[in-house]
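A.B. asks: Take this structure first; my questions come after.
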């Protein structure tokens, strides 16, 4: 099986969106590149306004995201999506600011970075002002103000707390943006959710340092997608070498150790067929326990074919090519639940009406207590 290099892809995506200014696998600039904003009811975060970022380092067989969005490349799909963003939001993009006034953009960028970086950004956009990606590129404060207003409108309409969530794509590519947005959300007492596959946590064990120093644990919540039960199924699913398969669990370990709310979101159809269930669920259980520091499984997510798919034909081709013709998420879901039940580990089923994060730390503590009690019983 041909493997992709997630490190190279991370750098390529940043090159497409920011130019050659970044030597890291992620950006410290308070800038993000998005292609879609929509309201959503999540089993993890509850009612939310979600922003979808461009770029991802994996190529999962069942992924519903269009390849252009995953690669952060210009194309018909990305152009159509970015042009469909609300006019009031697009007017704040870096591309729109440049079209209005090059000096205005320079002044704006200088407020958020040093002069050399500002010059490079302006030159980058000036060399290709028609690049549609720049119409989806925003400073943290500008995009946040739009998302915050959408949150307040939905809260007023529905009478429920609403979160801002970033998915994609790989939101952790835009670390500087997430950091600034979390600070703004903390000020306004709005929960900020991030869905991640954990790649950047595994590559940089200090990734969370700035978030910890800013004391953002109460506002910033994480869902870590588990894309494998074994290194072999991880490689088959993502086309990424199996040594990266532990990054999900590294992310969970680091987030929980730092005091952040973080839950695993296991994708039921990360198994190609029933034969792969042999020993795989047991390994999943052991990995999610993280040496006894984490309470097993909180959420199973069935990302089935046809749900919110950007390009159904391409998704079907990827599934077939990577050996997922016999995917049976329901069977996998049942096998996971049965094994965890046998191990006396609670598996909580959540819904948008009763999402994981609504219960917060209390839910975690309850399940830890249940696990602790069941382990004592098992030892007797």
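A.B. asks: For segment 154-166, enumerate the residues that are more than 11 Å from residue 37 (Cβ to Cβ), outside any loop (DSSP other than H, G, I, E, B) and within 21 Å of the chain's Cα centre (by Cα).
C.D. replies: So the first thing to find is which residues in segment 154-166 are more than 11 Å from residue 37 (Cβ to Cβ), and the list is 154-163.
Now narrow it down to the ones that are outside any loop (DSSP other than H, G, I, E, B): 154-158, 163.
Result: 163, single match.
A.B. asks: Then there's this: Does residue 89 count as touching a strand residue (DSSP E or B) at 6+ places or on another chain (Cβ under 8 Å) and touching a residue at least 40 places away in the same chain (Cβ under 8 Å)? Spell out the reasoning first.
C.D. replies: Values: touching a strand residue (DSSP E or B) at 6+ places or on another chain (Cβ under 8 Å): yes; touching a residue at least 40 places away in the same chain (Cβ under 8 Å): yes.
Judged against the criteria, residue 89 is a match.
A.B. asks: Do the conditions hold for residue 61, that is, is it crowded, with 21+ Cβ neighbours inside 10 Å and either touching a strand residue (DSSP E or B) at 6+ places or on another chain (Cβ under 7 Å) or closer than 27 Å to residue 130 by Cβ (or both)?
C.D. replies: On the way: crowded, with 21+ Cβ neighbours inside 10 Å: yes; either touching a strand residue (DSSP E or B) at 6+ places or on another chain (Cβ under 7 Å) or closer than 27 Å to residue 130 by Cβ (or both): no.
Spelling it out, it is not the case that residue 61 is crowded, with 21+ Cβ neighbours inside 10 Å and either touching a strand residue (DSSP E or B) at 6+ places or on another chain (Cβ under 7 Å) or closer than 27 Å to residue 130 by Cβ (or both).
A.B. asks: Another question about this same structure. If the requirement is being surrounded by fewer than 20 Cβ atoms within 10 Å (Cβ to Cβ) and touching a helix residue (DSSP H, G or I) at 6+ places or on another chain (Cβ under 7 Å), which of these qualifies: 102, 111? It would help to see each step written out before you state the result.
C.D. replies: Numbers: 111 fails: touching a helix residue (DSSP H, G or I) at 6+ places or on another chain (Cβ under 7 Å).
Answer to the check: 102.
A.B. asks: Can you name every residue in segment 63-86 that is part of a loop (DSSP other than H, G, I, E, B), closer than 23 Å to residue 316 by Cβ, touching a residue at least 60 places away in the same chain (Cβ under 8 Å) and in contact with a helix residue (DSSP H, G or I) (Cβ under 6 Å, 6 or more places away or on another chain)?
C.D. replies: Result: 66, single match.
Only the coordinates and a few stated rules stand behind these numbers; no lab work does. A quick note: this is a predicted structure, and the numbers were derived from the prediction, not measured. With ideal geometry, Cβ positions are generated from the backbone for all residues, glycine too; neighbour counts draw on all protein chains shown.
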